[in-house]
Amino acid sequence: MTSNLSATLLVVDDDRAALDSLSDLLQEEGYQVLRSTSGAKALEILATQDINLVLTDLRMRDVDGLAVLSAVRAAKKDIPVIVMTGFASMQTAIEAIRSGAYDYLSKPFKLDQVRLLVKRALEQNRLRLENLRLKNAVQQRHDDSEIIGHSPEMVEVYKLVARVAPLQTTVLIQGESGTGKERVARLIHKTSSRCNGPFRAINCGAVTESLLESELFGYVKGAFTGAATHKVGLFEASQGGTCFLDEISNTTPSLQMKLLRVLEEREVLRVGSTQSVPVDVRIIAATNRQLEELVKAHTFREDLYYRLKVVIINLPPLRQRRGDIALLLDHFVRRYGAASPRPIAVHDSVYPMLARYGWPGNVRELENSVERAIALSSSGILTPDDFPDEVRQQEAPLPLSTKRAKTYCTLAEMERDYVLEVLQATGQNVSRAAEVLDIDRRTLYRILERHGIHRG
């Protein structure tokens, strides 16, 4: 947060008495204040100094306040500008606000009014810049982590990531295998205050209990046969960063108890040691199973479950966001096609075929299928024949969701919702949607017009 002491204000007024009075007031509030008796001098200061807020008189002899405001906006400086005038009118107020002024003050004004306005302007601008920084950071990691999708389901995931990333909260990511749980964990880490720290990940279901304990907690020399040296565990290696525990549902109750201690006490005990080591680490866990059901079955500790589920992010399977399939296909074609000796294109018939398939392996299965298709393609144009048999043989039309199907009162309602679902699944592409529906484009356009459906 920008404190008063770190905020630098520029006050511009060709009335020396008014300038000094306002500047002294703001300095008493703890702000760093730069003064200018002319608009021209203010423009020089703006070009060379790092300013957080500008208060400028409207009418000045050389360069007026609107010109100062225009210069700030032209330079694309993200700072609020407050315009002051002793000749207030509706016209000048409207002109100032339309030009991008944060607010408009009529002289004489109350000192408390100025204090409150400046404080509010700085705080709102700080929040705006922080949100913009977070949005850009999320978008950057969105690209780096290959989390692709514009469906409503994925938008909800992005919003949750943006909200939880700046916190130190433990996060539980739930989703089927192949939905991208580790990529979401990396996205949270890279957009958090721990982004400069390490990110360590381990699949808890890929190693035995004894090995997993050694990997997580480390051990001391002589702890067991073969322990010839000390070993730092994953939690210690993640100091100042994030530790990602994938498939945490596969841990044993005894190990779960030790994980609970890490979450509650923020310390680890190396295997064979009696001395605890404090750790500063954020823990993100993931599972492809419903932990709540495992708690009921007494195979997962209830206390650990509640420590993990502070924030839960549910990743939708690919079959529930079919509208993203075309985006994912194009993304993977660009990635794997870059290494191909020839340019890679996609035949239109591929899109509806992929939209019909259920994708039990989710995004990972789609990625593998595209990589395989590019490797096997002989022409440089991907066709249905380049994809696995199970993908090509999925000829059934796109299913309606059960929830929707139970609410229909008329055939027209069912037709409308089904067309909408197919359009979403094909990325709003009328040609592909018509092919999936087995009708021609003109017929589909008539259906869209009849139901008042506008693409997008």
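The values are calculated or read from the model by the stated rules, or taken from the named source; none is laboratory data. If you're wondering where the values come from, they're calculated on a predicted model, not measured in any experiment. Here Cβ is always computed from backbone atoms with ideal geometry, including for glycine, and neighbour counts include all displayed protein chains. To get the accessible areas, we keep the full protein, side chains included, count just its heavy atoms, and leave off ligands, DNA and RNA. Shrake-Rupley method; radii C 1.70, N 1.55, O 1.52, S 1.80 Å.
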Every residue from region 176-191 that is open to solvent by less than 10 Å² (accessible area, probe 1.4 Å) and of a type outside the set (Val, Ile, Thr): Gly178, Ala185, Leu187, His189
Selection over region 27-51 where residues are of a type outside the set (Val, Ile, Thr) and either on the phi > 0 side of the Ramachandran plot or part of a strand (DSSP E or B) (or both) yields a count of 5
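Look at region 198-238 and say how many of its residues are in a loop (DSSP other than H, G, I, E, B), among the polar types (S, T, N, Q), surrounded by fewer than 16 Cβ atoms within 10 Å (Cβ to Cβ) and touching a residue at least 12 places away in the same chain (Cβ under 8 Å).
Initial filter on region 198-238 (in a loop (DSSP other than H, G, I, E, B)): 198, 204-208, 220-230, 233, 238.
Applying the additional criterion that residues be among the polar types (S, T, N, Q) yields 208, 225, 229, 238.
Now drop any that are not surrounded by fewer than 16 Cβ atoms within 10 Å (Cβ to Cβ), which leaves 208, 225, 229.
Adding the requirement that they be touching a residue at least 12 places away in the same chain (Cβ under 8 Å) leaves none.
Number of matching residues: 0.
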In region 317-350, residue most open to solvent (accessible area, probe 1.4 Å) [restricted to those that are touching a residue at least 40 places away in the same chain (Cβ under 8 Å) and more than 23 Å from Ser177 (Cα to Cα)]: Asp348
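Within region 176-220, work out how many residues are of a type in the set (Val, Ile, Thr) and over 23 Å from Arg270 (Cβ atoms).
Matching residues across region 176-220 total 4.
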Restricting attention to region 77-96, and to residues there that are open to solvent by 30 Å² or more (accessible area, probe 1.4 Å) and closer than 17 Å to Leu122 by Cα, which single residue is modelled with the highest pLDDT? Asp78
State all residues of region 239-260 that are more than 30 Å from the chain's Cα centre (by Cα) and either open to solvent by 50 Å² or more (accessible area, probe 1.4 Å) or of a type in the set (Asp, Glu) (or both); if no residue qualifies, say none. Pro253, Ser254, Met257, Lys258
Checking Val54, Val68 in turn, the sole residue that is part of a strand (DSSP E or B) and either open to solvent by less than 20 Å² (accessible area, probe 1.4 Å) or among the hydrophobic types (A, V, I, L, M, F, W, C) (or both) turns out to be Val54
Looking at Leu420, is it at pLDDT below 90, part of a helix (DSSP H, G or I), of a type in the set (A, V, I, L, M, F, W, C) and surrounded by 14 or more Cβ atoms within 10 Å (Cβ to Cβ)? yes
Yes/no for Glu182 being in a helix (DSSP H, G or I), at pLDDT 90 or above and of a type in the set (Asp, Glu): yes
Looking at (1) at pLDDT below 85; (2) among the small types (Gly, Ala, Ser); (3) part of a helix (DSSP H, G or I); (4) open to solvent by 70 Å² or more (accessible area, probe 1.4 Å), which is the only condition Ala433 fails? (4)
